[in-house]
Amino acid sequence: MNTDKHMEREYTISALENRAADDIATVRLLEQQWDDYREVMHENTARFEEAGIGMGAKTHSVHKGMAARRELDSYVGQLAYEQAELLAETAREIRSHAEFESERLRREKAGTSWG
C-alpha cells in the first residue's frame, strides 16, 4: 500500500474517532441538561409545597396547585429517566459504530480482508 493511501486511512480513522468523541460529548451534555432540568423541577415542586403549607394546604386552590406540581414533577422525572435511557443507548450505538468502522479501516490499512 502506498504512503498516500496509508496516510489517508490514518486521517480517516482519526477523524472517525474524533467525530465519535464529539458525539459522545454531546450525548453527555444532553444527559447533564436533562438531569439538571429534572433537579430544578423537583426543587421547584418542593418550594411550592413549602409555600403551600405556609399558605394553608387546606385551601382548595393551594391543594389543587400542590397536586398539579407533584404530578408535573413526577412526569418530568419519568421523562428525564426515559431520555437518559435513550441517550445511553445512543452513546452505545455511537461507540459500537465507531469501533466497527475503526477496526474495518485498520484492517484495510493493514491489507487484511474484512468480512
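The values are calculated or read from the model by the stated rules, or taken from the named source; none is laboratory data. This structure is a prediction, so every number in the text was calculated from the model and none was measured. Cβ placement follows ideal geometry from the backbone for every residue including glycine, while neighbour counts extend to all protein chains displayed. We work out accessible area using only protein heavy atoms, side chains counted, and drop any ligands, DNA or RNA first. Shrake-Rupley method; radii C 1.70, N 1.55, O 1.52, S 1.80 Å.
What part of the accessible area of the chain, given as a whole %, is carbon or sulfur when the probe is 1.4 angstrom?
53
Top to bottom by accessible area (1.4 Å), largest first, where do D4, D36 land?
Solvent-accessible surface, decreasing: D4, D36.
Could you give the accessible area per residue of the chain, probe 1.4 Å, as a whole number in Å²?
On a per-residue basis, the chain sits at 73 Å².
Based on the alpha-carbon gyration tensor of region 31-99 and its eigenvalue square roots a ≥ b ≥ c, which shape applies: rounded if a/c is under 1.5, prolate if not and a/b is larger than b/c, or oblate?
It comes out prolate by the Cα gyration axes.
Might you report the magnitude of the Cβ-based charge dipole of region 1-101 about its Cα centre, with Lys and Arg at +1 and Asp and Glu at -1, to the nearest 20 debye?
600
With an 8 Å cut-off on Cα pairs and a minimum separation of 6 or more residues, tell me the relative contact order of the chain in percent.
Relative contact order here is 46 percent.
For region 78-89, take each phi angle, set θ = phi - 60°, evaluate the Karplus expression 6.51 cos²θ - 1.76 cosθ + 1.60, and give the result in whole Hz per residue in order, putting x for glycine and proline.
Values, residue by residue: 5, 4, 5, 4, 5, 5, 4, 5, 4, 5, 5, 5 Hz.
What number comes out for the charge environment of W34, summing +1 per Lys or Arg and -1 per Asp or Glu over other residues with Cβ under 13 Å away?
Summing Lys/Arg as +1 and Asp/Glu as -1 gives -4.
Quick check: from the Cα gyration tensor, does the chain come out rounded (a/c under 1.5), prolate or oblate?
prolate
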